[in-house]
Structure formats: C-alpha cells, structure tokens
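J.: This is the structure I want to talk about, given as structure tokens.
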Amino acid sequence: MTQHIVHRFAALAGAILLATAAHAADAPRVRVTTSLGSFVIELNPERAPLTVANFLRYVKEGHYTNTLFHRVIANFVIQGGGVTPEYTLKPAHDPIPNESGNGLQNLRGAVGLARAASPHSGDAQFYVNVGNNADLDPLPTRWGYAVFGQVIEGMDVVDRISVQPTGAVATLKSDAPLTPVVIRSIELIGGTPREETLPAVPTPAPAAKPAPAPAAPTDPPPTGQ
C-alpha cells in the first residue's frame, strides 16, 4: 500500500514538472538588442494578460526600434521605449488599465510598465528593475506599477546600462545617459503569444512630462517619460 502511494506521488510530481516545463516553454520571450548588448525577457501573460498583449503589439509594430533607454538610475531602474534619439516622444496607442495587483513584485530583473501619475496611463514605455523596489508595488491604499515579465538572460547588460554616466540632455532634465543607449530592436524569439482585446482607458492620460530628478531618500517611480 505504501509503495503504491509512493508511486502515485512520484507520478503526480512528474506530471506537475512536465506541466510547469510546458508552461515555461509556451511563455513568450523577447530579445532586447541595445547599443550596449542584448538581454532576454520572459513575459507573463497569465498574470498580466493586457500588459503583455500591449507590449507585444508594440514589438510586432516595430515601435521600439531606434528608441532610447532615456532614464537610468543605478540600483533602481532603467526605462525606455518611448523617446527617439532626437529626444522627442514617439506616438503611442491609448493607455491600458493598470494590472499592478497581479501578485508579481518589482524585484531585481522584473520588467514593468512605466506610467505617469495617473494609475491607468501606461502605454509603450517599460522599465527593468535593477534593484528590489517594493515601493513600486501596490498597496491597499494606492496603485502600483504593473510587472509583466522577467529578465532571464543578459542581466549583466541591464547592469551595464544602469551605471552609465547621466545628466541633463536635451529636453530631459536629469537621469539621461550622456552617451545615448539605443534600443536597436525588440523581437519575439519564442513562446506562444495570447490573443487579447485591449480596452482603452475611458479617461485620457495626462500629458507626458520629463522624468523628475531623484528624490531623497526614495527614487522617483518610472514615469511616462
């Protein structure tokens, strides 16, 4: 009897491992190629279906090609995907609803959707957490910043970007790399994207503003620009 139970437990454990491996294989993955190297993001459509579909729409359209990581703060985040090398905002689709309550946390390597002060103002810009940033997670009293993926390869490139010398450049008042860090492309390299209908946020998003300077002791969150 005991041996039978052990065999059933082993079979169940094996089935769970196979299901987990299959799920991981199906998760969409993208390669972000920059002027300082490339890294791979595994997306999480189970926890952030709208945010992943929104991001992949921009990937499919080639929106991210020749945009900048325009906001870089060591030990905090790198942010990009919406500013051109001429330091102008690239046109984007309507913003999407905030999915920050999905259980994913802003830990090192997690990828989230940048936004302005309004909680439902995220569109194309994204960020990668360089450190553990619990201040960006939601609380019962406020919205957070929606995590929708994780860097699974090339975190050393993210770190390299995060320590570039920064300052005021063109329209950006602070935290802009003095030598531009260009996103050359973002391409889908694996997994099965899900089809999602993207609802528009009913109220218009506020106008994007330049990234604010770091505040002490806590750095500012990823903003709309």
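The values are calculated or read from the model by the stated rules, or taken from the named source; none is laboratory data. In this text, all values refer to a predicted model and were calculated from it rather than measured experimentally. Cβ placement follows ideal geometry from the backbone for every residue including glycine, while neighbour counts extend to all protein chains displayed.
J.: In region 189-210, is there at least one residue being touching a Leu at 6+ places or on another chain (Cβ under 8 Å), at pLDDT 95 or above and outside any loop (DSSP other than H, G, I, E, B)?
T.: In the first step, residues of region 189-210 are kept if they are touching a Leu at 6+ places or on another chain (Cβ under 8 Å); the result is 191, 193, 196, 198-199, 208, 210.
Restricting the remaining residues to those that are at pLDDT 95 or above gives none.
No, region 189-210 contains no residue that is touching a Leu at 6+ places or on another chain (Cβ under 8 Å), at pLDDT 95 or above and outside any loop (DSSP other than H, G, I, E, B).
J.: Further, regarding this structure: Just for region 60-91: of the residues that are in a strand (DSSP E or B) and aliphatic (A, V, I, L, M), which one is surrounded by the fewest Cβ atoms within 10 Å (Cβ to Cβ)?
T.: Pass one, region 60-91, residues in a strand (DSSP E or B): 67-73, 77-80, 83, 89.
Still in the list and also aliphatic (A, V, I, L, M): 68, 72-73, 77-78, 83, 89.
Working: LEU68: 26, VAL72: 23, ILE73: 20, VAL77: 31, ILE78: 28, VAL83: 27, LEU89: 16.
The qualifying residue surrounded by the fewest Cβ atoms within 10 Å (Cβ to Cβ) is LEU89.
J.: Just checking, does region 171-179 include any residue being touching a Lys or Arg at 6+ places or on another chain (Cβ under 9 Å) and either at pLDDT below 95 or part of a loop (DSSP other than H, G, I, E, B) (or both)?
T.: no
J.: Working only within region 177-192, note down all residues that are in contact (Cβ under 8 Å) with a residue 60 or more places away in the chain and more than 16 Å from the chain's Cα centre (by Cα). Step through it out loud before you land on a result.
T.: To start, the set of residues in region 177-192 that are in contact (Cβ under 8 Å) with a residue 60 or more places away in the chain comprises 177, 180-192.
Answer for region 177-192, where residues must be in contact (Cβ under 8 Å) with a residue 60 or more places away in the chain and more than 16 Å from the chain's Cα centre (by Cα): PRO177, PRO180, VAL181, VAL182, ARG184, ILE189, GLY190, GLY191, THR192.
J.: Please verify whether region 24-32 includes one or more residues that are touching a helix residue (DSSP H, G or I) at 6+ places or on another chain (Cβ under 8 Å), closer than 14 Å to VAL128 by Cβ, modelled with pLDDT of 55 or more and assigned to a strand (DSSP E or B).
T.: Kept after step one, since they are touching a helix residue (DSSP H, G or I) at 6+ places or on another chain (Cβ under 8 Å), are these residues of region 24-32: 28, 30.
Narrowing further to those that are closer than 14 Å to VAL128 by Cβ: 30.
Filter once more, keeping what is modelled with pLDDT of 55 or more: 30.
Subset that is assigned to a strand (DSSP E or B): 30.
Yes: one or more hits.
J.: Right, next: Considering each of ALA176, ALA146 in turn, give the residue that is closer than 30 Å to ARG47 by Cβ and touching a strand residue (DSSP E or B) at 6+ places or on another chain (Cβ under 8 Å).
T.: On the way: ALA176 fails: closer than 30 Å to ARG47 by Cβ.
Just one listed residue meets the conditions, ALA146.
J.: On to the next question. I'm trying to understand the selection: among the residues of region 126-145, which are in contact with a Lys or Arg (Cβ under 8 Å, 6 or more places away or on another chain) and in a loop (DSSP other than H, G, I, E, B)?
T.: VAL130, GLY131, ASN132, TYR145
J.: Of the conditions (1) under 13 Å from the mean Cα position of the chain (by Cα); (2) not in a strand (DSSP E or B), GLY103 fails just one. Which one is it?
T.: Unmet for GLY103, out of (1) under 13 Å from the mean Cα position of the chain (by Cα); (2) not in a strand (DSSP E or B): (1).
J.: Test GLY167 against the stated conditions and say whether it is out of contact with any Ser or Thr (no Cβ under 6 Å at 6 or more places or on another chain), in a strand (DSSP E or B) and crowded, with 24+ Cβ neighbours inside 10 Å. Steps first, answer last, please.
T.: Numbers: out of contact with any Ser or Thr (no Cβ under 6 Å at 6 or more places or on another chain): yes; in a strand (DSSP E or B): yes; crowded, with 24+ Cβ neighbours inside 10 Å: no.
No.
J.: Still on this structure: Would you pick out the residues in region 108-145 that are buried (at least 24 other Cβ atoms within 10 Å of the Cβ) and touching a Gly at 6+ places or on another chain (Cβ under 6 Å)?
T.: Within region 108-145, VAL111, LEU113, ARG115, ALA124, GLN125, PHE126, TYR127, TYR145 qualify.
J.: Filter region 173-202 down to residues that are closer than 18 Å to VAL59 by Cα, hydroxyl-bearing (Ser, Thr, Tyr) and surrounded by 15 or more Cβ atoms within 10 Å (Cβ to Cβ), then give me how many there are.
T.: Of the residues in that region, 1 qualify.
J.: Also, I was wondering about something else. Filter region 35-59 for residues that are part of a strand (DSSP E or B) and either in contact with a Phe, Trp or Tyr (Cβ under 7 Å, 6 or more places away or on another chain) or of a type outside the set (Ser, Thr, Tyr) (or both); which is surrounded by the fewest Cβ atoms within 10 Å (Cβ to Cβ)? Give the steps one after another, and end with the answer.
T.: Filtering region 35-59 down to residues part of a strand (DSSP E or B) leaves 37-43.
This time we only want the ones that are either in contact with a Phe, Trp or Tyr (Cβ under 7 Å, 6 or more places away or on another chain) or of a type outside the set (Ser, Thr, Tyr) (or both), so: 37, 39-43.
On the way: GLY37: 13, PHE39: 24, VAL40: 18, ILE41: 25, GLU42: 17, LEU43: 25.
It comes out as GLY37.
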